1. Considering Ile114, Ile157, Ile129, which residue is touching a residue at least 40 places away in the same chain (Cβ under 8 Å), within 13 Å of the chain's Cα centre (by Cα) and within 9 Å of the ligand (Cβ to nearest atom)?
2. Given the criterion touching a residue at least 12 places away in the same chain (Cβ under 8 Å), within 7 Å of the ligand (Cβ to nearest atom) and more than 16 Å from Asp55 (Cβ to Cβ), identify the matching residue among Gly80, Gly66.
3. If Tyr50 meets every condition in (1) in a loop (DSSP other than H, G, I, E, B); (2) within 13 Å of the ligand (Cβ to nearest atom); (3) modelled with pLDDT of 95 or more; (4) surrounded by 10 or more Cβ atoms within 10 Å (Cβ to Cβ) apart from one, which number is that one?
4. Among residues belonging to region 84-101 that are more than 6 Å from the ligand (Cβ to nearest atom) and surrounded by 15 or more Cβ atoms within 10 Å (Cβ to Cβ), point out the one that is farthest from Val161 (Cα to Cα).
5. Which helices (runs of 4 or more DSSP H) sit wholly inside region 78-168 and have at least 3 residues that are of a type in the set (A, V, I, L, M, F, W, C) and within 17 Å of Leu61 (Cβ to Cβ)?
6. Quick one: would you say Asn120 is loosely packed, with under 14 Cβ neighbours inside 10 Å and either more than 7 Å from the ligand (Cβ to nearest atom) or not charged (D, E, K, R) (or both)?
7. Do we find that Glu59 is loosely packed, with under 11 Cβ neighbours inside 10 Å, among the acidic types (Asp, Glu), out of contact with any Gly (no Cβ under 6 Å at 6 or more places or on another chain) and at pLDDT 50 or above in this structure?
8. Within region 62-83, take every residue that is exposed (fewer than 15 other Cβ atoms within 10 Å of the Cβ) and hydroxyl-bearing (Ser, Thr, Tyr) and give me the one that is farthest from Lys168 (Cα to Cα).
Amino acid sequence: MQRIFPKHLTRYLRRFLQVFRIFTVPVVFGLGLFGSECVGAQTPYSLATYQMSGDSILEPLGAKQGQATRGAQIVKTREGQCTLCHAIPEFKGQVGNLAPLLEGVGSRLSAAQIRLRVVNATALNPQSIMPSYYRVDGLKSVDPQWLGLPLMNEQQIEDVVAYLVTLK
Ligand code: HEC
């Protein structure tokens, strides 16, 4: 019995090492990739510079051309999370009522005014509960992996603006 146990043990260990070796490469490689992704997220995202003019941002961010259909998708899905607070025409899912209906926003506001509200709602109302979708400074409780990253990139902001101006 005394001799069998160590034998078992060495066989077990050898098997373990074999299996482990098969997994070490992908696991270590995977961790490396994952790690570098986190580091990547922490390197500051270079935000396009923009000029506020009154309650507006006149120029499209990064000179991007917005696509309304893509914007509709962002606004109506978890991508934008807008429906947590806003009701949206033709959207049948559950919506929040913490914010103005977005119906008719394209008649009330210009593209330039909508752009500022999506980019940085707190520029107009410091108490706003609406997330600033294109801001990385002055935010609280940001998970380290998202530090320095805006909630949406320039293209997404322009797509959302392009959709909202169609809501007449
Ligand atoms: C956490 C709640 C919340 C979320 C999420 C949110 N908003 Fe808002 N939004 C508000 C509130 C509240 C206002 C009213 C103005 C204020 O308090 O800043 C507002 C105002 C606006 C306005 C101006 C409307 C008007 O008639 O003056 C626009 C445009 C807008 N939001 C678009 C969006 C879009 C697009 C998204 C998603 C990408 C979004 N919001 C996500 C809360 C939210």
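The values are calculated or read from the model by the stated rules, or taken from the named source; none is laboratory data. Values in this document were obtained by computation on a predicted structure and should not be read as measured data. Cβ placement follows ideal geometry from the backbone for every residue including glycine, while neighbour counts extend to all protein chains displayed.
1. Only one candidate passes the filter, namely Ile157.
2. Only one candidate passes the filter, namely Gly80.
3. So Tyr50 meets the others, but not (2).
4. Val95
5. In region 78-168, 111-119, 154-164 are the helices (runs of 4 or more DSSP H) which contain 3 or more residues that are of a type in the set (A, V, I, L, M, F, W, C) and within 17 Å of Leu61 (Cβ to Cβ).
6. So Asn120 fails the test.
7. No.
8. Result: Thr77.
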